[in-house]
Amino acid sequence: MKSEPAPDAPVQPGGRSQWATIGVVYLGGVVAAMSLGKFAPVGPAVTGQLSLSLSQLGWVISAVVGVGAVFGLPGGYLMRRFGAQGSLVYGLVLIAVASAAGVLAGDFAWLLVARVAEGFGYLLVTIAGPVLVLRLSDERNRSAALSVWATFVSVGLFASTLVGGAAGDAFGWRGWIGLLAGLTLLTAVAVRLRLPRAGAGSQAAAGPVPRLSALRWPGVLAASFCLTALVTIPVIVLLPTLLIERHGQSAAAAGAGTSVISLLSAAGGLLAGMLLRRGVRVGVLALLGLLAVPTAWLVYGGGPLAGVFAGAGTLSLANGFLAALVFAALPLILERLDHADVGSGLVAQAGSLGSLLGPPMFGEITATLGFTALAPVIAGGLLAAVAALLLAGGRAVGRPPGAA
């Protein structure tokens, strides 16, 4: 007798249709990440028109990840009630509406409230996306598909930086944000139309709600993700300052070089996906992260400009590579696959926490001890991140990818 699909579990399409549907989910993540970074290319115009201080602009930029750093795990539990498919669509719609409200902002308070609302939408997308990718992919391609999903932030930020500067010059910062709001709404419609219907019945996830004890190993993965973000993302954020202050680069040259290096994170994720698809285990791949440890001294050891670019590029690759392994390992260490929503929420919260705390931590270390002191901090963080990933990878050994 033919079994009924689990609630909120899409009927898995095969072949090209499967990857096309995953591609639409991925597009939703990329567009959401474009909103995450939309103020970076138009920051001076925003501060000028709204009379914001640099500190206030920093709050506006970081408010989105701040929401994730606080509400990631609760969001995962909440998603069990409303379902991953609806959460992805609602998240994109919320980002679009909040972005449109931001167009009308006349002061800091209005803009900050709009960004907090965007943060809740972004959180829904970041939790729902990997859950849907997991459910849409078959066992053979699941780890590779999840590792590709892990690249959505770097691709979205690159696209936002690339397009936002030109759009801001042509239409002003409000016009740029309005265009992005419209694109996000169109993406929500595309996602809604493309995703297959959930099974009949409740939209809540099947199975019992995971207890905290069931999140022990996902917590280890989340710690690895937090540490990776904590010590690699600030390298990219502070790279223009390093290039300008230490190496005499122009602002334009420093910005262009940083954009290219940030995109290498996506290349790292794709490399991880390719190796996972060839059957290499997560624990073995985690060891490759150790290759990035010495490169921290290339960036901050006072060497030549070529060494700085090589080191920063390697750390960016490591960021994407290790993040991809975290997402790929998640379904392998869950007690049940229908715990993926809560596990995804925990991972999202950890990544947001690392992204939020890293830049100010690096800024404080630089102000107190100088750039050189950052190298051992990065090395120690990467060693701890790889160690946590090795522990989780050992847990995953021998477990069939689709086992509940």
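The values are calculated or read from the model by the stated rules, or taken from the named source; none is laboratory data. All figures in this text were calculated on a predicted structure; none of them were measured in a lab. So basically every Cβ, Gly included, is an ideal-geometry build from the backbone, and we count neighbours across all protein chains shown. With ligands, DNA and RNA removed, areas are computed over all heavy atoms of the protein, side chains included. Shrake-Rupley method; radii C 1.70, N 1.55, O 1.52, S 1.80 Å.
Taking R0 as 56 Å, what's the FRET efficiency between Ser53 and Arg194 from their Cβ-Cβ distance, rounded to 0.05?
Once rounded, the FRET efficiency stands at 0.85.
Which of Ala144, Ala98, Ala306 moves most in a GNM of the chain, Cα contacts under 10 Å?
Highest fluctuation among the options: Ala306.
For the full complex of protein chains and a 1.4 angstrom probe, list Asp169, Asp341 by accessible area with the highest value first. Don't jump to the answer; show the numbers that get you there.
Values: Asp169 135, Asp341 5 Å².
The ordering from most to least exposed comes out as Asp169, Asp341.
In a Gaussian network model over the chain where Cα atoms closer than 10 Å are linked, find which of Ala253, Ala128, Ala100 has the largest mean-square fluctuation.
Its mean-square fluctuation being the largest, the pick is Ala253.
Taking only protein heavy atoms into account and a 1.4 Å probe, give the accessible area per residue of the chain in Å².
Accessible area per residue, the chain: 40 Å².
If Thr161, Thr366 are ordered by their accessible area, calculated over protein heavy atoms with a 1.4 Å probe, which sequence runs from highest to lowest?
Listed by decreasing accessible area, they come as Thr161, Thr366.
Would you mind putting 342-353, 43-54, 70-81 in packing order, based on average other-beta-carbon counts within 10 Å, highest first?
Result, highest mean first: 342-353, 70-81, 43-54.
Considering only protein heavy atoms, with the full assembly of protein chains and a 1.4 angstrom probe, order Leu263, Leu186, Leu287, Leu36 by accessible area, largest first.
Listed by decreasing accessible area, they come as Leu186, Leu287, Leu263, Leu36.
Could you tell me what percent of the accessible area of the chain is made up of carbon and sulfur, with a 1.4 Å probe and every protein chain present?
Numbers: 11380 of 16300 Å².
That fraction is 70 percent.
Work out the length of the dipole vector of the chain about its Cα centre, built from +1 on the beta-carbon of each Lys and Arg and -1 on the beta-carbon of each Asp and Glu, and round it to the nearest 20 debye. Each step should come with its number before you reach the end.
On the way: 22 positive and 12 negative charges, 205 e Å.
Around 980 debye, computed over the chain.
Divide by every residue of the chain the summed helix terms, -39500 (n - 2.57) for each DSSP H run of at least 4, and state the resulting mean residue ellipticity at 222 nm, rounded to the nearest 500 deg cm²/dmol.
-27000 deg cm²/dmol
How much accessible surface area, in Å² rounded to 10, belongs to the heavy atoms of Glu139 with a 1.4 Å probe?
100 Å²
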